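To keep things clear, I will list the structure first and then write my remarks on it.
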Amino acid sequence: MKKVLVLGVSGNFGSRAAQAFQAAGWQVARYNRGSDMTAAARGADLIVNALNPPMYHDWARLVPQITDSVLAATKASGARVLVPGNVYVYGVQPGPWGPDTPQIPCSRKGQIRRDMEARYRESGEKVLILRGGDFLDEASGGTIMNMVVLKGIAKGKLTLAGGLEVPRAYAYLPDMARAAVGLADLGEVLPRFADVPYAGLTFSMGDLRAEIERQLGRGVKLGQFPWWLMSLTAPVWELAREMKEMRYLYETPHVLDGGLMAPLLPGFQGIGLTEVVARHLRARGL
């Protein structure tokens, strides 16, 4: 039986990854934050690094520390490390975004993630970057979709963080976690360093609004996220400062290129926007 050590098992991706690997018959070990990671990785075939400082806290210091620990653990164990990547590294480059897209971030957090990925690439260890767009998961309170966009949907209101017709990439986490299992099962078929985009879903807030209205059978009002408040409080509130920096991403049309994953996982299919909306509405009793 293959063994996977999941770091950040209480987080968005980590929790779904643990469920997916267990369902696929892997032995799942859950890392306890603060314990000896190298010891915990002993005997593991794969390390899922879903550790992330919560609420963007002190990324510049903590992300490199996490990367050092993970690389030490994978070097000692011989395991491959799987990292859920994001799109911050691309900045505002024209898409579709994929492994051949220049990594020219336009934010501080994008630079931190670019440097992190470079560390993994240059380490010589076995690494899989599984890159997704904005996370979607009806069961998680920690996604932007749940915290912001759908926060007022029970009262018939959708909150926009950007333009209504801006298409953006999204990753439905249960599906992305299944893709992680499928790729991990390929073993040595993967190159030593693999950067695989998970194309997932691409839709605009206009598409989302139309589908919600269709399923609810009534109109939905639109509101705007208070970016002005983020600007006002940024000097004294770390989360506001870090969120304000990412505003560009809600105004930048983008899509992830699924051409690399398709031949690796032929026949893989995730759920569509209709079912994603249905599950999110059901989770709210709608």
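The values are calculated or read from the model by the stated rules, or taken from the named source; none is laboratory data. Keep in mind that this is a model prediction, so the values were computed, not measured. Every residue, glycine among them, receives a Cβ derived from its backbone with ideal geometry; neighbour counts consider all protein chains shown. Surface areas here come from the heavy atoms of the whole protein model, side chains and all, with no ligands, DNA or RNA. Shrake-Rupley method; radii C 1.70, N 1.55, O 1.52, S 1.80 Å.
Here are a few things to note about the model shown:
- Residue match in segment 82-105 (condition: among the acidic types (D, E), open to solvent by less than 10 Å² (accessible area, probe 1.4 Å) and within 25 Å of A179 (Cα to Cα)): no
- Within segment 1-21, residues that are over 17 Å from A79 (Cα atoms) and in contact (Cβ under 8 Å) with a residue 60 or more places away in the chain have Cβ atoms under 9 Å from residues that are polar (S, T, N, Q) and open to solvent by 10 Å² or more (accessible area, probe 1.4 Å) in these pairs: G11/N52; G11/S140; N12/N52; N12/S140; F13/N52; S15/S140; R16/S140, counting only partners at least 6 apart in sequence or on another chain.
- Residues of segment 56-71 satisfying the condition of being among the hydrophobic types (A, V, I, L, M, F, W, C) and open to solvent by 50 Å² or more (accessible area, probe 1.4 Å): A60
- Among the residues here, E165 qualifies as open to solvent by 40 Å² or more (accessible area, probe 1.4 Å) and part of a loop (DSSP other than H, G, I, E, B).
- Some residue of segment 39-47 being open to solvent by 10 Å² or more (accessible area, probe 1.4 Å), touching a helix residue (DSSP H, G or I) at 6+ places or on another chain (Cβ under 8 Å), in contact (Cβ under 8 Å) with a residue 12 or more places away in the chain and not in a loop (DSSP other than H, G, I, E, B): yes
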